[in-house]
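To start, the structure itself, in structure tokens.
Taken together, the values in this text are just the output of simple stated rules run on the coordinates, not laboratory data. All values derive from a computational prediction rather than experimental measurement.
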Amino acid sequence: MRDKKRILIIASLAGSLIRFRGDFIKTLIHNGFDVFTASPPSNNDDFQIIRSIGATPIEFNLQRTGLNPLKDFKSIKELKSIIKENKIDLVFPYTVKPVIYGSMAANMSKVPVISLITGLGYTFTGLSTKARILQLFNETLYKLSIRKNKVIVFQNRDDYNLFIHRKVISKKQIVTFVGGSGVNLNQFRFKEKNVSDKISFLVVARLIEEKGITLYLDASKLLKAKYPNAEFHLIGSSETSPSAINEDYLNLLHKEEVIVFHGKQPNIEEHLHKRDVFVLPSYYREGLPRTTLEACACGNPIITTDSVGCREAVREGENGFLIEPKNLEALVSAMEFFIINPHKIKEMGINSRKYAEERFDVNIINADLLKLITSVLKI
């Protein structure tokens, strides 16, 4: 008879298992679980890192975007086989498709599920006819897939309220809330800001319209003309999304010294320490953006939108500002505040770190998830 219970964590990207769930996997292993991960095919480095943590990575095919019923059905079938062949005791999926298809596969296999809703993303932002059609389709799939789950974990109350309002789940469903994926406070260390006359701003995000990138670029143009010493940094990799930002345009603005475009960068902590203020003008339906948590931990004041998920990272006026989504004037005003009042950067940065320690410590969040798992498995 097996001594250890087996947990399967399902993700849409192998890299996200490392970046967003690495500490969680380590916590589970440390507490005596065998951990398996399921994600689409990836480079050997990602799977090797997962193995080095102590988990067993397994490939399955998943079409991350769009609708293809045949391929989606095959994903469910593959996951069902993975659950059966590896004698999984509990399934833990996160992000939209893994939650839907992982829950379906687990329910068919009569294996308990704790699903994590990490944000509803593009389809629930409802910016286009296609998005609205996908929203209705995904709502139906959620209803079919997660109602039998043992627990549904939300990262913000807005998503929970939407699910209740749309009758995706009932009020009888067992739910709980966590502060995002959490942040490792030892990795993302606090560093007090020593502000110079070159106030610098930083966005770290996917290079798509919904993240507010164009708004940030427009704000940067206006402020650079008025305050030549200010710096406007952008980190992100090119996207294949229909709303992807043209990278040639970013390179042009970089050449014209309007922004500093870094492309994709591995060491975000280092960049956060070098920059003064973190900005995320997203109107994407976020869960709780990891980058804002990391910025809080490193001691950066935050400017983000008063929208789903984003607002969770800011105590208004204490560690930053919340602005109206898509409002250029509000973004310019919030950024200009720090240029005019540089002394507030240090004070608000200290408050950001305190907030991260109080609410977003990955150890606290992982301990809560561990309690849920042991409760469901009746250990």
Gaussian network model of the chain, Cα within-10 Å springs - most flexible of PHE337, PHE232, PHE190 = PHE337
Compactness ratio of segment 200-360: Cα Rg over 2.2 N^0.38 Å, N = residue count?
-> 0.94
Return the calculated 222 nm mean residue ellipticity for the chain, to the nearest 500 deg cm²/dmol, obtained by summing -39500 (n - 2.57) across DSSP H runs with n ≥ 4 and dividing by the residue count.
-> -13500 deg cm²/dmol
In vacuo Debye scattering of the chain, one point per C-alpha: log10 I(q)/I(0) at q = 0.07, 0.09, 0.12, 0.14 Å⁻¹?
-> -0.32, -0.52, -0.92, -1.22
Straight-line reach from LYS226: which aspartates and glutamates have a Cα under 12 Å away, not including same-chain ones fewer than 8 places off?
-> GLU336
Candidates LYS84, LYS274, LYS255, ranked by Gaussian network fluctuation over the chain, Cα under 10 Å, top entry = LYS255
Measuring from centroid to centroid over Cα atoms, what is the spacing of segment 240-258 and segment 302-340 in Å?
-> 23
Do any of LYS4/LYS71; LYS172/LYS354; LYS150/LYS326; LYS274/LYS326; LYS77/LYS378 go past 30 Å between their Cα atoms, and which?
-> LYS4/LYS71; LYS172/LYS354; LYS150/LYS326
